[in-house]
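Quick notes on the structure that follows.
The values are calculated or read from the model by the stated rules, or taken from the named source; none is laboratory data. Because the structure is a prediction, the values reported are computed rather than measured. Here the Cβ is made from the backbone with ideal geometry for all residues, glycine too, and neighbour counts use every protein chain on show. Remember, those area values only see protein heavy atoms, side chains included, never the ligands or the DNA or RNA. Shrake-Rupley method; radii C 1.70, N 1.55, O 1.52, S 1.80 Å.
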Amino acid sequence: LLTTDRERARLSFGLAPGSRLLLFAAHGGVLSAAKGGGDFMKVWQAVKAKTPEAVAFIVGGNEISREGDVYYWPYVDTAQMHRFLLAADMLVNTSLAENHSLLILEAMAASLPICAYNTGGIPEQVTDGETGLLAPLGDVAALTAAVQTLLNAPSQARDMGLRARVRYERNFRTERMVADYARLYESVLA
């Protein structure tokens, strides 16, 4: 990920220099109970109180709107989602149950650190302390602290994002998964 790509994406949204962008995405936006939309809003309010330059993009709702520094976006296509990922400082995932999140994989591919609940398949994707920070399921205070930690340490967040990209390349690329399935089928047929 080139710095100029990130800067270009941020400029395309009109983000002020020095702003810190949190990205949340879920079908239904913050109204999604299963994706913990209410928890995200609690995290956001606590973070905004300590970090005035914070901005939130909430993707997956029903309309485009803005309330202060919270921008609401409807469901978007892949190219637009890629722009959101490029512009963001981190992905905040408050899912209350998750198998193997495509959104987390997309964030990792975009070199983003992830702050999320330690639930379902998320710990198989996000290595706590290396590619992001995990909080106990439902512990809004712990998740808020994780987000604040990365906002206060941009170089640490950037390093985690780069490690997330490496982890994605090593473990989650389509070519690697296809090769694994081929080996599995070969062993079953043998």
Exercise for the section: Answer yes if at least one residue in segment 99-115 is out of contact with any His (no Cβ under 9 Å at 6 or more places or on another chain), open to solvent by less than 30 Å² (accessible area, probe 1.4 Å) and farther than 17 Å from Gly161 by Cβ, and no otherwise. Expected result: no
Exercise for the section: Kindly indicate the residue of segment 34-56 that is surrounded by fewer than 19 Cβ atoms within 10 Å (Cβ to Cβ) and in contact (Cβ under 8 Å) with a residue 12 or more places away in the chain and also farthest from the chain's Cα centre (by Cα) among those meeting that condition. Expected result: Lys50
Practice task
Kindly indicate the residue of segment 125-177 that is open to solvent by 70 Å² or more (accessible area, probe 1.4 Å) and β-branched (Val, Ile, Thr) and also nearest to Ala34 (Cα to Cα) among those meeting that condition.
Solution key: Thr174
Handout entry: Identity of the residue in segment 127-140, without any contact (Cβ under 8 Å) to a residue 60 or more places away in the chain and out of contact with any Pro (no Cβ under 9 Å at 6 or more places or on another chain), that ends up nearest to Ala26 (Cα to Cα)
Key = Leu137
Handout entry: From the options Gln148, Gln156, residue that is in a helix (DSSP H, G or I), polar (S, T, N, Q) and without any contact (Cβ under 8 Å) to a residue 60 or more places away in the chain
Key = Gln156
Practice task
State yes or no: is Asn118 closer than 17 Å to Asp39 by Cβ, open to solvent by 60 Å² or more (accessible area, probe 1.4 Å) and touching a residue at least 12 places away in the same chain (Cβ under 8 Å)?
Solution key: yes
